[in-house]
Amino acid sequence: MKNAFVILLLVSVVIFGCKQKDSNPKNDELPKNGYFNGVLGITLTEGLMVSGEKHGCWVEYFGDEEVRRITNYDHGKKNGIFIELNRSGYIISQKNYKKGKLDGLSFEYILGRKVLQATYKDGLLHGQRKSFYEDTGRMKDAFVYGNGKKNGSAVYFYANGKRMAVYKYRNDLLNGKQE
């Protein structure tokens, strides 16, 4: 319950921090400079343009004003937190970007339950990557990555939480025997 409150608070802060006064008429063309509030493709979208590039917080909506995605940009490149929600308001994806590339922790959720956690550096998996069983939330597997390749132990677990197998990897290739 506490986690749900924290997630709701985070989403509220990001959404209200993104809201700006509508100074642009609604249209399908992005202005070179100024605030845009209109339809891009089939998605209602709003955000700030600076020198012809998305800048700051951009919000995309399902057709009925329910938030679909919140993306932060720095002169046209994703930078900072990205949050994607389903129509029920659950977060389904939370990622961090730096200069247009995934960087830091990323999470994926199904109905509020974490099913994937990964660490990125400069757009590549780097560090821990874990997946979880949807129904129990227990760890399903855990890998160690370095520069986008499996490097280290890959541990697999049964649904009951007991360890199934451990494999060692080096540069994405199996290295040694299964434990």
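The values are calculated or read from the model by the stated rules, or taken from the named source; none is laboratory data. As the structure is a computational prediction, the values presented were derived from the model and not from experiment. With ideal geometry, Cβ positions are generated from the backbone for all residues, glycine too; neighbour counts draw on all protein chains shown.
Considering Ala165, Ala142, which residue is of a type in the set (A, V, I, L, M, F, W, C) and surrounded by fewer than 17 Cβ atoms within 10 Å (Cβ to Cβ)?
Details: Ala142 fails: surrounded by fewer than 17 Cβ atoms within 10 Å (Cβ to Cβ).
When all the criteria are applied, what remains is Ala165.
Give the number of residues within the stretch 136-179 that are over 22 Å from Tyr120 (Cβ atoms) and among the β-branched types (Val, Ile, Thr).
Qualifying residue count for the region: 2.
Tell me, which strands (runs of 3 or more DSSP E) wholly within the stretch 1-114 include 3 or more residues that are touching a helix residue (DSSP H, G or I) at 6+ places or on another chain (Cβ under 6 Å), under 30 Å from Gly127 (Cα atoms) and at pLDDT 95 or above?
Ranges flagged: none.
Would you be able to say whether some residue in the stretch 75-90 is under 30 Å from Gly34 (Cα atoms) and of a type in the set (S, T, N, Q)?
yes
Can you tell me which residue is nearest to Lys130 (Cα to Cα) among those in the stretch 71-95 that are among the charged types (D, E, K, R) and buried (at least 16 other Cβ atoms within 10 Å of the Cβ)?
Lys95
When only residues in the stretch 118-139 that are surrounded by 16 or more Cβ atoms within 10 Å (Cβ to Cβ) and aliphatic (A, V, I, L, M) count, which is nearest to Lys162 (Cα to Cα)?
Among those residues, the one meeting the criterion is Met139.
Condition test on Lys98, is it within 30 Å of Ile42 (Cα to Cα), crowded, with 17+ Cβ neighbours inside 10 Å and not polar (S, T, N, Q)? It would help to see each step written out before you state the result.
Working: within 30 Å of Ile42 (Cα to Cα): yes; crowded, with 17+ Cβ neighbours inside 10 Å: yes; not polar (S, T, N, Q): yes.
It is true that Lys98 is within 30 Å of Ile42 (Cα to Cα), crowded, with 17+ Cβ neighbours inside 10 Å and not polar (S, T, N, Q).
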